1. Filter the stretch 192-207 down to the residues that are open to solvent by less than 50 Å² (accessible area, probe 1.4 Å) and either touching a His at 6+ places or on another chain (Cβ under 6 Å) or at pLDDT 85 or above (or both) and list them by number.
2. Let me confirm something: among SER180, SER175, which residue is surrounded by 21 or more Cβ atoms within 10 Å (Cβ to Cβ) and among the polar types (S, T, N, Q)?
3. With at pLDDT below 85, open to solvent by 60 Å² or more (accessible area, probe 1.4 Å) and within 30 Å of ILE143 (Cα to Cα) as the only criterion, which of LEU74, LEU63 stands out?
4. Before we move on, is PHE144 open to solvent by 50 Å² or more (accessible area, probe 1.4 Å), in a helix (DSSP H, G or I) and within 26 Å of ALA189 (Cα to Cα)?
5. Which residue is farthest from the chain's Cα centre (by Cα), if the candidates are limited to the stretch 25-42 and must be open to solvent by 10 Å² or more (accessible area, probe 1.4 Å) and under 16 Å from ILE181 (Cβ atoms)?
6. Here are TYR185, TYR162: which of them is buried (at least 20 other Cβ atoms within 10 Å of the Cβ) and modelled with pLDDT of 85 or more?
7. Find all pairs meeting these conditions: Cβ atoms under 7 angstrom apart; at least six residues apart or on different chains; first residue within the stretch 15-43 and closer than 19 Å to ILE192 by Cβ; second residue among the polar types (S, T, N, Q) and open to solvent by less than 50 Å² (accessible area, probe 1.4 Å).
8. For the stretch 121-132, check the following and say yes or no: at least one residue is open to solvent by 70 Å² or more (accessible area, probe 1.4 Å) and modelled with pLDDT of 85 or more.
Amino acid sequence: MNLHTLLAFWTISILLAATPGADWAYVISAGIRAHAAVVPAVFGLFLGYIAITGTVAGGIGALVASMPLAVTILTFAGAAYLIKLGISLLRHPPVPKEGHERETGARRWITRGFAISGLNPKALLFFLALLPQFTNPGSSWPIFLQIGILGIIHTMNCVSIYLMVGFGARTILSSRPKASIVMGYISGAIMIVLGLGLASEDIMKLLHS
């Protein structure tokens, strides 16, 4: 692996991390809820991506991707969880709160974040498709180590962007309760749409198989 390859991957990774999606919606809702919720929420997403990196680097990811039933189960699990969180946000839109989350609240944010990123089949397939393209079979470093490094780079890029998004949402919306509620509705709707999109894609594949 050379510096040019790493810089090229880092650029692509930053652009992808800066694209709004379910992760953004989640950290924005965390930022609106409470200042102390942002870090646990992002940490949960971090753990999910680290788990996917280990899965791909260890070769398990390719095995899972080769099993249509496993991918289908993972897809529906991820879609169902996104829809569940989206409905929860629509029913109980977040409003700014002062103070720190209790320890149990922090664990809840971590668990939800891990589920959002770790159960995302598109993230797994993305890692499988993209990371090997930036590895060098002729390098003295083994492929699994190269994939691990690239996965960590992408994960840290995501963490940096998500922290800025979460704290930015908190700063901008903390004094605007009505805007916070609207943003909560938008975040919930995004999660539901993405969840339905995931499920519908797999349903269409099943119908045409």
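The values are calculated or read from the model by the stated rules, or taken from the named source; none is laboratory data. Quick caveat, the model's predicted, so the values are computed rather than measured. In this analysis, Cβ positions are derived from the backbone assuming ideal geometry, glycine residues included, and neighbour counts consider all displayed protein chains. Only protein heavy atoms, including side chains, enter the accessible area calculation; ligands, DNA and RNA are left aside. Shrake-Rupley method; radii C 1.70, N 1.55, O 1.52, S 1.80 Å.
1. The answer is ILE192, and nothing else.
2. None of the others qualify; the one that does is SER180.
3. LEU63
4. On the way: open to solvent by 50 Å² or more (accessible area, probe 1.4 Å): yes; in a helix (DSSP H, G or I): yes; within 26 Å of ALA189 (Cα to Cα): no.
The answer is no for PHE144.
5. It comes out as ARG33.
6. Working: TYR185 fails: buried (at least 20 other Cβ atoms within 10 Å of the Cβ).
It is TYR162.
7. Hits for this filter: ASP23/SER117; ALA25/SER187; ILE28/SER187; SER29/SER187; ILE32/SER180.
8. The initial filter retains those residues of the stretch 121-132 that are open to solvent by 70 Å² or more (accessible area, probe 1.4 Å), namely 122, 125.
Pick out the ones that are also modelled with pLDDT of 85 or more and you get none.
No, there is no match, as no residue in the stretch 121-132 is open to solvent by 70 Å² or more (accessible area, probe 1.4 Å) and modelled with pLDDT of 85 or more.
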